[in-house]
1. Taking the Cβ of Thr88 as the centre, find all other residues whose Cβ is under 12 Å away and add up their charges (Lys, Arg: +1; Asp, Glu: -1).
2. Taking K and R as +1 and D and E as -1, what net charge do the other residues with C-beta under 15 Å from the C-beta of Val79 add up to?
3. Could you rank the peptides 396-404, 299-307 by their average count of other C-beta atoms within 10 Å per residue, with the highest value first?
4. For Asp277 and Glu443 in the same chain, what is the full-extension length gain: residue separation times 0.36 nm, less their Cα-Cα distance, in nm?
5. Please rank Cys127, Cys372, Cys96, fewest neighbouring Cβ atoms within 10 Å first, as an exposure proxy.
6. Quote to one decimal, in nm, the extra length available between Asn417 and Ser91 on full extension: 0.36 nm per residue of separation minus the C-alpha distance between them.
7. Label the range 244-296 by shape, choosing from rounded, prolate and oblate, from the square roots a ≥ b ≥ c of the eigenvalues of the Cα gyration tensor; if a/c is under 1.5 it is rounded, and otherwise prolate applies when a/b is larger than b/c, oblate when it is not.
8. Evaluate the distance, in nm, between pseudo-label points positioned 7 Å from the Cα of Glu319 and of Asp398 along their respective Cα→Cβ axes.
Amino acid sequence: MLTLLSNQSAKGYCDGHSRRSFLRIGGLGLGGLSFQELLRAESQQGRGKSQKALILVYLPGGPPHQDMYDIKTSAPSEVRGPFSAIGTNVSGIQICEHLPRMAKMADKFSFIRSVVGAKDRHESFQCVTGRLSNNAPPGGWPEIGSVVSKLKGGAPSVPGYVNLSQQMKHTPYNQGRPSFLGVAHAPFMPMERGKEDLSLNGVTLERLGDRRGLLTAFDTFRRETDASGSMAGVDAFGQQAFGILTSSRLIEALDLSRESPKVLERYGKGTAKIQGDAAPRLNEQFLLARRLVEAGVRVVTLSYSFWDWHGQNFKNAQENLPDFDQAITALVQDLHERGMDQDVTVLAWGEFGRTPRINDKGGRDHWPNVSCALLAGGGMKNGQVIGATDRLGGEASDRPVHFQEIFATLYNNLGINPHTSTVSDFSGRPHYLVDNEHQPIKELA
């Protein structure tokens with residue numbers, strides 16, 4: 001049994017497994033040998049063939065919509081702030097001056113200015129489930145990656161759901177909960193609690209860039225395992241589960257040294273320093289996400305920086321927006337150049353918007369009334385703005401777009417009908433993926 005070692009103490013889960021046991025090769029963070037059963041069911045049902053995928057970028061803290069995609073040039077200065085709007089390559093669309101790369105390829109993005117249905121809660125829950133945490137069935141609502149893992153599985157030798165986020169100090173920001181779908185559909189989290197916490201035969205994930213050392217460790221493990229005959233009693237599906245971690249497919253996806261310097265430069269570095277109580281502003285995560293979906297992962301989520309700017313909103317924006325601009329445009333450009341833009345959907349958003357009026361600390365406070373979202377790829381009709389807010393950016397004045405409409409769109413893009421597909425909770429009760437009144441966004445079809 002190959003184990004990814006962690007110095008964290010084992011913690012019990014509702015089904016009796018410990019966190020340490022999840023890290024064994026039998027489940028690759030997916031719940032032990034139950035993953036073999038998943039693979040067997042997938043084979044029987046013809047799953048694992050679609051190339052549709054989702055990259056979900058979570059911006060913890062709530063980004064300021066009126067300082068990004070919805071600049072209010074005619075609002076009073078105490079609302080407008082110092083940023084100017086610039087034109088884009090799509091006539092009539094203007095965005096913030098600190099997003100110049102995005103402006104040059106706005107035809108590849110859809111800017112939703114009127115997201116509604118948020119709650120004033122600093123948590124990732126709604127952004128990764130589409131649901132509210134206070135109306136959940138027993139076990140809680142599962143994240144979209146876990147749902148897709150359940151319904152679609154993953155490509156051979158790669159997990160269906162990967163979460164690149166690190167453990168964040170503000171725990172409600174953290175993700176990785178399969179909820180009532182069980183640990184078989186939890187994400188593989190290579191960065192969880194820091195790379196230094198995980199090791200493989202003496203090679204830490206900190207050394208993923210050292211391909212020779214990593215491959216040597218895997219080759220040694222394969223030889224020792226084969227020689228001992230310990231794999232002889234495991235059926236083909238167990239060996240496929242084993243192969244997820246030991247296959248070159250996953251190793252190569254996590255190995256950024258295989259990329260050209262030109263591509264690495266395009267994405268930029270950002271900073272590995274933790275921002276606030278959330279995540280680092282790490283641009284390489286976007287490149288890892290592209291490599292993972294290219295390898296066959298269905299859903300990749302990542303958390304980027306810290307956006308809860310009650311003070312110094314504009315100083316913080318000037319530091320964060322250029323890095324975000326570089327990373328997200330590099331990702332979308334990369335997908336187009338590789339012919340993946342029809343199959344891979346990209347979504348970037350936070351849990352709510354910010355107040356129209358700037359406070360006395362130069363910041364903007366929580367504002368769940370309206371927020372924004374950025375979409376790309378997915379074969380959607382991009383190059384447009386959907387919805388509008390009033391003159392102050394405080395309320396949706398035209399075409400409010402509910403959180404669940406966006407989730408209906410994501411599932412639809414993944415080849416899943418959110419109104420006929422169901423997942424069952426611990427009691428066996430089936431649940432549709434979104435409420436029936438929320439349809440995929442018609443403007444994007």
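Throughout, read-outs are computed from the coordinates displayed, never taken from laboratory work. No experiment lies behind these values; they were computed from the predicted model shown. Cβ placement follows ideal geometry from the backbone for every residue including glycine, while neighbour counts extend to all protein chains displayed.
1. +1
2. That sum, taken over residues with Cβ under 15 Å, equals -1.
3. So the order, starting with the most tightly packed, is 299-307, 396-404.
4. Gain on extension, Asp277 to Glu443, equals 56.1 nm.
5. The order, fewest Cβ neighbours first, is Cys96, Cys372, Cys127.
6. Once the chain is fully extended between Asn417 and Ser91, it gains 114.0 nm.
7. Judged from the Cα gyration tensor, the range 244-296 comes out oblate (a/c at least 1.5, b/c at or above a/b).
8. Placing both labels 7 Å beyond Cα along the Cβ direction yields 3.7 nm.
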